[in-house]
Amino acid sequence: MVFITGASSGLGAALARHYAGRGATLGLLARRAEVLADTLPGYAAVHLYSADVTHPAAVAQAAEQFIQAAGIPDIVIGNAGVSVGTLTEHAEDYAVFKRVIEINLLGLVATFQPFVDAMRACRAGRLVGIASVAGIRGLPGAGAYSSSKAAAIAYLESLRVELRGSGVRVCTICPGYIETPMTAINPYPMPFMLPAAEAARRIAKAIDAGVGYRVVPWQMGAVAKMLRLLPNPVFDSLFARAGRKPRGLKL
């Protein structure tokens, strides 16, 4: 059994289709009920929930309903996320920063909280957070997204240590570029881009392996390690002229 947030499009929908192909019972949650309904048409073993991950009570209600209907999930994937260009000098971007952090960071907390005690009681289960390589170093024009994903990486690490020995595993997944609506608007080259279905397959393989942290694809993992090692002056010089995601997109 697998519970996935942000399941109406992009990576979330690809993960849903991957696990459906394995015959899993699925709980799919997303804001857009009408789009979510088209994720797995005709698939019987699916429970659909319309909720915003920034509303913890609604997510908890969906989690409770799924547990009652299908049981405690083996895997919970916190995938709901947004990306939008931001610049600090624009006062109107403050609200965008807040919204991005609420979804990308606090949305993970809201997703996992309803399942932790039940999984701990069973001494089993996997909590999987979709972070990003953008959380490894701050990218220009992406202050909200990079900071939210950096915070997500740190949060997932804290949770992993907190649950050590409980039987519940925490897995941090940091994707690189994936062919989704989120990346379709990026006006710059995106190396090592993966189709969403292939990214889902690789992520599921990492989850099956029980890893605590994985960058997908591995080539972006190599790039991430290099970026960590770059001195600030070198990093700043290389990325000061990097392409930037457009501002003003609606969330």
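Exactly one residue out of K245, K149 is of a type outside the set (D, E), surrounded by 17 or more Cβ atoms within 10 Å (Cβ to Cβ) and in a loop (DSSP other than H, G, I, E, B), and it is K245.
On the stretch given as region 152-167, residues that are among the small types (G, A, S) and assigned to a helix (DSSP H, G or I) total 3. Scan region 168-189 for residues that are loosely packed, with under 13 Cβ neighbours inside 10 Å and either outside any helix (DSSP H, G or I) or touching a helix residue (DSSP H, G or I) at 6+ places or on another chain (Cβ under 9 Å) (or both) and the total you get is 5. Scanning region 116-132 for residues that are farther than 13 Å from C171 by Cβ and surrounded by fewer than 21 Cβ atoms within 10 Å (Cβ to Cβ) yields V116, D117, A118, R120, A121, C122, R123, A124. Counting only residues that are among the basic types (K, R) and loosely packed, with under 14 Cβ neighbours inside 10 Å, region 15-74 holds 2 of them. Evaluated against (1) touching a helix residue (DSSP H, G or I) at 6+ places or on another chain (Cβ under 6 Å); (2) modelled with pLDDT of 95 or more, E157 falls short on exactly one condition, (1).
The values are calculated or read from the model by the stated rules, or taken from the named source; none is laboratory data. Note that the structure is predicted; figures quoted are calculated from it, not measured. Here Cβ is always computed from backbone atoms with ideal geometry, including for glycine, and neighbour counts include all displayed protein chains.
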